[in-house]
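Once you've had a glance at the structure underneath, I'll fire off some questions.
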Amino acid sequence: MTTLPILPMTHAEPEQPNTPAHPTPTGESIPGDPHAEHYVPATPVKGEIFDEGQTFADLGLRDFVLKGCDEAGFRHPTVTQANFIPPIMAGKDVLGQAKTGTGKTAAFGLPMLQTLDPNVPFQALILAPTRELAIQITHELDELGKFTPIRAMTLY
């Protein structure tokens, strides 16, 4: 049986009051930020959402996950996905923020679908701020993971 690492959840608190603990718009961290190593810049050129220079296979996803992407109509990862999937699959913690429609659910969901052990129940918890978003996330993970034995459920 393979044991998967449990990644610690971190809360980014600024070292100085009233100093934001998140990257600047250029993707650079604020000097003195203790969480700087966790930032992955995802700064697409205005109007560009997809990284057409890459495919999901280039990101290291397995065939059963790629089949779900293909059936969902995903050909190229978004810039957010291309920047976040490799470090997540390498076991690194990432902290990100992106606009609606940039593929955040797949950015964390695809690596989960690939690395979760189908023989171990309840391996991941995804928190969402609304019931509607929780249902949407569950639906998307089930669609992307339809060729895996992993299933999601919504609990509210």
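Is it true that some residue in segment 121-129 is part of a helix (DSSP H, G or I), surrounded by 13 or more Cβ atoms within 10 Å (Cβ to Cβ) and polar (S, T, N, Q)?
No, segment 121-129 contains no residue that is part of a helix (DSSP H, G or I), surrounded by 13 or more Cβ atoms within 10 Å (Cβ to Cβ) and polar (S, T, N, Q).
THR10 - would you say it is surrounded by 14 or more Cβ atoms within 10 Å (Cβ to Cβ), in contact with a strand residue (DSSP E or B) (Cβ under 9 Å, 6 or more places away or on another chain), closer than 18 Å to ILE126 by Cβ and modelled with pLDDT under 95?
Criteria not met by THR10.
Would it be correct to say that ALA134 is under 12 Å from the mean Cα position of the chain (by Cα) and in contact (Cβ under 8 Å) with a residue 12 or more places away in the chain?
Considered against the rule, which asks whether it is under 12 Å from the mean Cα position of the chain (by Cα) and in contact (Cβ under 8 Å) with a residue 12 or more places away in the chain, ALA134 comes out as no.
Would you check which residues across segment 130-156 are assigned to a loop (DSSP other than H, G, I, E, B) and surrounded by 14 or more Cβ atoms within 10 Å (Cβ to Cβ) and list them?
The answer is GLY145, LYS146, PHE147, THR148, ILE150, ALA152, THR154.
Is one or more of the residues making up segment 14-23 among the polar types (S, T, N, Q) and either modelled with pLDDT of 50 or more or under 22 Å from ALA124 (Cα atoms) (or both)?
No: zero hits.
If you don't mind, there's one more thing I want to ask. Would you tally the residues in segment 140-152 being closer than 20 Å to GLY103 by Cα and out of contact with any helix residue (DSSP H, G or I) (no Cβ under 6 Å at 6 or more places or on another chain)?
Looking only at that region, the number is 3.
Follow-up. Going residue by residue through segment 45-57, is there one that turns out to be open to solvent by less than 60 Å² (accessible area, probe 1.4 Å), within 27 Å of TYR156 (Cα to Cα) and not acidic (Asp, Glu)?
No, segment 45-57 contains no residue that is open to solvent by less than 60 Å² (accessible area, probe 1.4 Å), within 27 Å of TYR156 (Cα to Cα) and not acidic (Asp, Glu).
If you take the residues in segment 89-119 that are touching a strand residue (DSSP E or B) at 6+ places or on another chain (Cβ under 7 Å) and not small (Gly, Ala, Ser), which one is most open to solvent (accessible area, probe 1.4 Å)?
Among them, the one singled out is LEU95.
The values are calculated or read from the model by the stated rules, or taken from the named source; none is laboratory data. Not measured: the values here are computed from a predicted model. Counting neighbours? That spans all protein chains shown, and the Cβs are built from the backbone with ideal geometry, glycine included. Note: accessible area is taken over every heavy atom of the protein model, side chains too, but ligands, DNA and RNA are not part of it. Shrake-Rupley method; radii C 1.70, N 1.55, O 1.52, S 1.80 Å.
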